[in-house]
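Nothing in this text is a laboratory measurement; each read-out follows from the coordinates by a stated rule. Just so you know, these numbers come straight off a predicted model, no measurement behind them. Here the Cβ positions follow ideal geometry from the backbone for every residue, glycine too, while neighbour counts run over all protein chains shown.
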Amino acid sequence: MTSEFIRAIEDVAREKGIERTVLFEAIEAALISAYRRNFASAQNVRVEVDRQSGEFRVFALLAVVDEVTDPRTQVSLTEAREEDPRAAVGDTREHEVTPRDFGRIAAQTAKQVVMQRIREAERGIIYEEFQSREGDVVSAVVSRVEPRFAVCDLGRAEAILPLSEQIPGENYVPGQRMRCYVLEVKRTPKGPQVMLSRTHPALLKRLFELEVPELHDGSVELKAIAREPGSRSKVAVWARVDGVDPQGACIGPKGARVHAIGNELRGEKVDIVRYSQDPEEFVANALAPAKVTRVSIEEETRTARVIVPEYQLSLAIGKEGQNARLAARLTGYKIDIKAEGA
């Protein structure tokens, strides 16, 4: 162990972003293992690596006893008091047992253990990095596609996009870049496992927050989302500051903001509706683009009975009931739509 060794440790710590203390502790653990393996020792030992010079020393930890039955692990009280008059039974004394040729053996046997600890430390750093991004949006690059999932590259880690979290009908090819929602981050023996989603409603929310400055600064608030991934979504917004148009802010100049989000989500159509604390008004807004004549609310059953002009009935219900279904999810009311005069 020399100053070159110390410089190497410092280089690894700087390059990998690992604390020097972690590396030294890994080396000391590796040397303990190497000592026991190569010298068939049953001793309880401690290895100390000098943080400045890189020199190491091996110490046997001996229990102070009245009568020694195993000299490899025990020392008599009489002998212990020759070094320290205050020694007492039950204390632990250290005795240096550094072998003369231990350096070569240590270098050979410690390397794998040290590298394993370095990998574990790196995994821990990566886990902490991505665990803090749980619930956020990341830019992912597809690296390979399997029947039940796609593997994505996040830079410092790989992530899994399961089939259940993929937008229906969306095809992925290696090298494709896309935005995903970090659904969950797990710690595993092979490193952090990052699970992504393209279908989670929060992905739509985070994309709006990235595209719309008024959402970021708090002048506009996104109150509710109802989403059928890859097809259509409804987003309810309202202004927290007088004079701000929440719908206009989210739509953007010539629809630029909402179109950018829709394009990111395989052409998903996004309806921006105005939120209202009045449930009748909110339900009417949620059924846009249909024009509503009247809404009556039954709070006991959480039902909204909606009357629309006859020519607006199919528009209010939507293709395969999609418009009414999304409006119901958005508002939290079961919606019963009827035409005038029916």
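Zone of E310 (label point 7 Å along Cα→Cβ, backbone N under 20 Å): which residues in segment 274-295? Hits in segment 274-295 for E310 at 20 Å: 290-295. Give me the angle, in degrees from 0 to 90, between the Cα long axis of helix 201-211 and the longest principal axis of the Cα atoms of the chain, rounded to the nearest 10. Computed tilt is about 90 degrees. How far is helix 3-16 tilted off the main Cα axis of the chain, in degrees rounded to 10, range 0 to 90? On a 0 to 90 degree scale, this one is about 10. Straightening the chain between E96 and R46 buys 17.1 nm, computed as 0.36 nm per residue apart minus the Cα-Cα spacing. Evaluated with a Cβ-only charge set (Lys, Arg +1; Asp, Glu -1), the chain carries a dipole of roughly 1440 debye about its Cα centre, given to the nearest 20. In the structure displayed, which of K223/K254; K205/K338; K16/K186; K223/K334 lie more than 28 Å apart, Cα to Cα? Pairs exceeding 28 Å: K205/K338. Most tightly packed first, judged by the mean number of other beta-carbon atoms within 10 Å of their residues, the peptides 246-259, 194-207 read 194-207, 246-259.
Over the Cα atoms of segment 3-130, the radius of gyration divided by the Kirkwood radius equals 1.08; this is the Rg/Rh ratio. Taking all Cα-Cα distances within segment 155-312, those exceeding 24 Å account for 46%. Measuring nothing but alpha carbons in segment 162-245 and taking Rh as the Kirkwood radius, the Rg to Rh ratio lands at 1.07.
The angle between the Cα long axis of helix 20-39 and the longest principal axis of the Cα atoms of the chain comes to about 50 degrees, rounded to the nearest 10.
Dividing the C-alpha radius of gyration of segment 133-197 by 2.2 N^0.38 Å, with N its residue count, gives 1.02. Here the Debye sum runs over all C-alpha atoms of the chain as equal scatterers in vacuum, and log10 of I(q)/I(0) at q = 0.06, 0.11, 0.14 Å⁻¹ comes out as -0.46, -0.84, -1.12. Here segment 23-73 has an Rg and Dmax of 12.9, 40 Å, counting Cα atoms alone. If you take the Cα centroid of segment 158-204 and the Cα centroid of segment 121-139, the two points sit 14 Å apart. Note on E228/R302: beta-carbon distance plugged into 1/(1 + (r/R0)^6) with R0 of 25 Å gives a FRET efficiency of 0.75.
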